[in-house]
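Novice: Below are the structure tokens for one structure; questions will follow.
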Amino acid sequence: MTEKKENLKDKNNVIELHIIDKYYYGDKTKYMDDKEKYNDKINRLKELINKTKNRSIVYSEFWEIRELLDELGGIKKKDYNTMLKKYNFKFPTLYDNVVDDSNLSKGEQIRISEIIGTLSGTTMSIERKYVTNYEEFIRKIKKH
């Protein structure tokens, strides 16, 4: 491992121990459980985004993306709705068009792709914060 990676790992370990002491009163098991639950939510979000990219997602799963993005701090519901308005979509219409865009104009297909790209990018950003910033992680956990 390079020296830079070693330093980052050491820094994260110190921060993690600080979080366990400050927020979990030394209960490492509770911390690890919360961390695992949070990680599971990120993995579920990634799975749903992949289903969206493959156009194999069902309506309830598509709705779950919106809920997970809000819960994990990626895109708040208000901002999600603003994004839909920007692209001139309502949620049910967006879902229908994600699943089958064969009857759409090239411009509409591009807008759908941009939305999927935004959702995917936000998911990657959430995962990056989780992996590299434990303070951000703990704020998300303590918020919910």
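Novice: Could you quote the convex hull projected area for region 3-143, Cα atoms only and averaged over all directions, in nm²? Provide the component values of the computation, followed by the final result.
Specialist: Numbers: hull surface 39.6 nm².
It is 9.9 nm².
Novice: Give a residue-ordered list of calculated ³J(HN,Hα) values for region 39-45 (Karplus: 6.51 cos²θ - 1.76 cosθ + 1.60, θ = phi - 60°; whole Hz; x for Gly, Pro).
Specialist: These are the phi-based 3J(HN,Hα) values: 4, 4, 5, 5, 5, 5, 4 Hz.
Novice: To continue, here is another question. Using Cα pairs closer than 8 Å and at least 6 residues apart in sequence, work out the relative contact order for region 3-143, in percent.
Specialist: Numbers: 80 pairs, mean separation 42.6, N = 141.
In percent, rounded to a whole number, it is 30.
Novice: Something else: Do the alpha carbons of any pairs in LYS30/LYS77; LYS30/LYS129; LYS37/LYS86; LYS22/LYS77; LYS85/LYS106 sit beyond 24 Å of each other, and which pairs?
Specialist: LYS30/LYS77; LYS37/LYS86; LYS22/LYS77
Novice: Hey, what do the phi angles of region 75-87 turn into as Karplus ³J(HN,Hα) couplings, whole Hz, using 6.51/-1.76/1.60 and θ = phi - 60°, x for Gly and Pro?
Specialist: Result, rounded to whole Hz: 9, 5, 4, 4, 5, 4, 5, 4, 4, 4, 5, 4, 8.
Read the figures in this text as sums done on the coordinates, not as results from a lab. Note that the structure is predicted; figures quoted are calculated from it, not measured.
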